[in-house]
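Rule-based calculations on the coordinates, nothing more; no lab input. As the structure is a computational prediction, the values presented were derived from the model and not from experiment. Cβ atoms come from the backbone with ideal geometry, glycine included; neighbour counts cover every protein chain shown.
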Amino acid sequence: MGATMTDDPKKIGVSIELKPHAYDPAVNPELFDGVPARRVIAFFIDLFILAIPLIFLAIFFFAIGIVTLGLGFLLYGLMPVIATLWAVVYYGTTFGGPRSATIGMRVMDIEMRTWYGAPAYFVLGAVHAIAFWISISIFSPLILIVCFFNERWRLLHDMVVGTIVINNDVRASVLRASHPRT
């Protein structure tokens, strides 16, 4: 005869494997030491990197507007779309790169991982950026307070997309060496 649903209650046609958190602040506190402050500084570095090409593009649009006797100023209407696409590509490619970190995060020796320890990838980086900008637009910079209410210093958008920001291996090993466990 055929197997019924009561034969194996665990097989319902959907495979869900729940993975534990890969990073425990009680076991590896060096992964989380100083991350919130470094993250804020990394954000401003990345904001500067994102702004530079957009400023040059705005200057170019201005020049086009002068040459075309004002008609080129209509190109400024494309700036929000261009800025959004540029940010999504920047975050997607940098998070999806081998170091799972934006340029600002690399400077600050931090990286993004999934909550279960896997490196980030392009789509995750792009979605993370979109979730960040939406949350910061709705809740203002007060959203940063969320990190003080959880042991892994995660922000709201980290929790929503399933990521965690930690110190990279180099910084963690320096911190581990400077604070040996007893």
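Modelled spin-label separation between VAL89 and VAL40, with each label point placed 7 Å from Cα along the Cα-to-Cβ direction: 3.2 nm.
Suppose R0 equals 35 Å; then what is the FRET efficiency for PHE122 and HIS179 from their Cβ-Cβ distance, rounded to the nearest 0.05?
0.50
Rounded to the nearest 500, the helix-only mean residue ellipticity at 222 nm of the chain stands at -16000 deg cm²/dmol, with each DSSP H run of n ≥ 4 adding -39,500 (n - 2.57). Legend: calculated FRET efficiency, SER137 to TYR23, from the Cβ-Cβ distance at R0 = 22 Å, rounded to 0.05, equals 0.20.
Helix check for the chain. Which DSSP H runs span at least 27 Å along their own axis by Cα, with a mean Kyte-Doolittle hydropathy no less than -0.5? Taking the DSSP H segments of the chain (at least 27 Å long, mean hydropathy at least -0.5), we get 35-67. The Kirkwood hydrodynamic radius of the chain, based on inverse pair distances between different Cα atoms, is 19.0 Å.
Below 8 Å between Cα atoms, with a sequence gap of 6+, how large is the relative contact order for segment 31-178 in percent?
27 percent
Charge tally for CYS147 (other residues, Cβ to Cβ under 9 Å; Lys, Arg +1; Asp, Glu -1): +2.
In a DSSP loop and with at most 16 other Cβ atoms within 10 Å, the chymotrypsin sites (Phe, Trp or Tyr not before Pro) in segment 82-179 are TYR116, TYR121. When each of the peptides 36-43, 157-164, 99-106 is scored by the mean number of other C-beta atoms lying within 10 Å of its residues, the order from highest to lowest reads 99-106, 157-164, 36-43.
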